[in-house]
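Below: one structure, written as structure tokens.
Bear in mind these aren't lab numbers, they're just calculated from the coordinates by the rules spelled out. Predicted model only: the values in this text are computed from it and were never measured. Note that we place each Cβ from the backbone using ideal geometry, even for glycine, and neighbour counts take in every protein chain shown.
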Amino acid sequence: MQNIFRLFLGLALAAPLFADLNIGTVQVEGNTTTIPITIASSSPELQDLALKAFSAHGRYRLVASGAAFALNFAPVGANQVSVTVAKGISLSPVASETVTGTDLRNALLRAADIAVAKTSGLRGFFAGKLAFVGEKSGQTEIYTSDLFFGNILKWTNDGKQLLSPRWAPDGSKIVFTSYRTSFPDIYVLEMNNRRISLLASFKGTNSGARYSPNGQQVAMVLSGEGNPEIYVGNAQGRQIRRLTNTPFVEASPAWSPDGSRLVFTSDAAGAPQLYVMSASGGSMTRLGTNISKYCAEPDWSVGDPNKIVFTAGVGRGFQTAVFDLATHASKIVSKAPMDAVQPVWLADGRHIICTFRAANTRSLYLVDTESGKATRLSPVGFGPASGATYLAP
């Protein structure tokens, strides 16, 4: 059992079999219905960023002519961008808005999100923030950035192995696992003052912490009572109560969007599979994904509460898959020439970010779960990046 738990805990850090590849964009079979658009801006910098954003979005196709919509982005001061959406052959303006951001780059991404909503009805995700594990310094540390790796900041300087950073819903904190004491414990990083405090340090292993949607509770995996089990405590790491009580190994809890349930991994069926249970306790129910003998690292979509993304064993490697609670159907949504692991949803319930894991390095990719389109986010020059968590704008 303990060996299986180590597999869960170390999945993000295990060395894969492939060489480091900058594979750019990957296209796999799926729904490829797209909206043709053109993009223009008086600012080359804004135009380049807008092109990068919409090129990564699986719902759009950039064209030179015959566009359904024409998007124009114009700088207005130091931190404002105006967006104009024109429609059809006549290019009649249908929407115009000026957006304020934390800086000009952020304003452009926010304006692009408005354009997405106006032209597709989908929720925008471009202006969200990432927290992830980076190894630019040669050690695993926590970094943050915007979705396209702008405004990168390093937040820790531990020089110790760490993993699984997760945002608090309001963006004020990040909870993560660190081997500061040579054993895995759970810590909290406060974003306003960089203070790091201990949340959970009990006998055994302490890992996998995630905030509830309202930020008032934390789900985690503790093995202090002899077996890795799911526990829930308050945001201060107190009033901790045990939810699962099995002779098996539980790992990777994730909350439902309304905070009423948890999805997690258990090997109760003899191999890692997905289970759900009430966040207040009770019996656990297996999800019949019927797609792999290895299902782990689930994440529940806020944008589409019927969808759960997870890591699935495929052949000798791993890919990301989506289970639909409404249809009880699963599908593999990535086709990386390496492992695709650690998936997390973006705001629209369609796109995810996952780690493409190759020999001696890891890279973050944006994947459209409907078309399979995958676009690299972390630059080659940054070095290994993995385990992203996403904060919606």
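Using a Förster distance of 35 angstrom, determine the FRET efficiency expected from the C-beta separation of residue 324 and residue 283, and round it to 0.05.
0.95
Taking the Cα centre of each part, how many Å lie between the stretch 218-247 and the stretch 353-393?
Here the answer is 30 Å between Cα centres.
In Å, what is the Rg of the alpha-carbon atoms in the stretch 176-216, and how long is Dmax?
Spelled out, the Cα radius of gyration and Dmax of the stretch 176-216 are 11.0, 32 Å.
I'd like the distance between the alpha-carbon centres of the stretch 79-110 and the stretch 130-199, rounded to an integer number of Å.
33
How far apart, in nanometres, would the label points at residue 78 and residue 64 be if each is projected 7 angstrom from Cα along the Cα-to-Cβ direction?
It is 4.0 nm.
Considering the chain as a Gaussian network with a 10 Å cut-off on Cα pairs, which listed residue, 219, 131, 53, attains the greatest mean-square fluctuation?
53
Can you give the angle from 0 to 90° between the axis of helix 44-56 and the longest principal axis of the chain, with both taken from C-alpha atoms, to the nearest 10?
50
Mind telling me which of 212, 96, 43 comes out most flexible in a GNM of the chain, alpha-carbon contacts under 10 Å?
Per the Cα network of the chain with a 10 Å cutoff, 43 tops the list.
Label-point separation (nm) for residue 55 and residue 157, each offset 7 Å from Cα along Cα-to-Cβ?
Result: 3.6 nm between the two label points.
Springs between alpha-carbon pairs under 10 angstrom, Gaussian network model over the chain: which of 366, 108, 91 fluctuates most?
91
Please list, or write none, the lysines whose alpha carbon is within less than 19 Å of the alpha carbon of residue 136, excluding same-chain residues fewer than 8 places away.
In chain and number order, the partners are 154, 160.
Per the helix-only calculation at 222 nm, which mean residue ellipticity applies to the chain, given -39500 (n - 2.57) for every DSSP H run of n ≥ 4 and division by its residues, nearest 500 deg cm²/dmol?
About -3000 deg cm²/dmol.
For the stretch 35-120, list log₁₀ I(q)/I(0) at each q in 0.14, 0.15, 0.24, 0.25 Å⁻¹, using the Debye formula over Cα point scatterers of equal strength and ignoring solvent, two decimals each.
Once normalised to I(0) and log-transformed, intensities are -0.40, -0.46, -1.19, -1.28.
Could you compute the FRET efficiency for residue 43 and residue 94, with r as their C-beta to C-beta distance and R0 at 25 Å, rounded to 0.05?
Efficiency for this residue pair is about 0.65.
Just how large is the dipole of the stretch 35-120 about the Cα centre, in debye to the nearest 20, putting +1 at every Lys and Arg Cβ and -1 at every Asp and Glu Cβ?
Once rounded to the nearest 20, the dipole reads 260 debye.
Once you've got the Cα coordinates, tell me which of 307/373; 87/129; 52/335 are over 27 Å apart.
With Cα atoms farther than 27 Å apart: 87/129.
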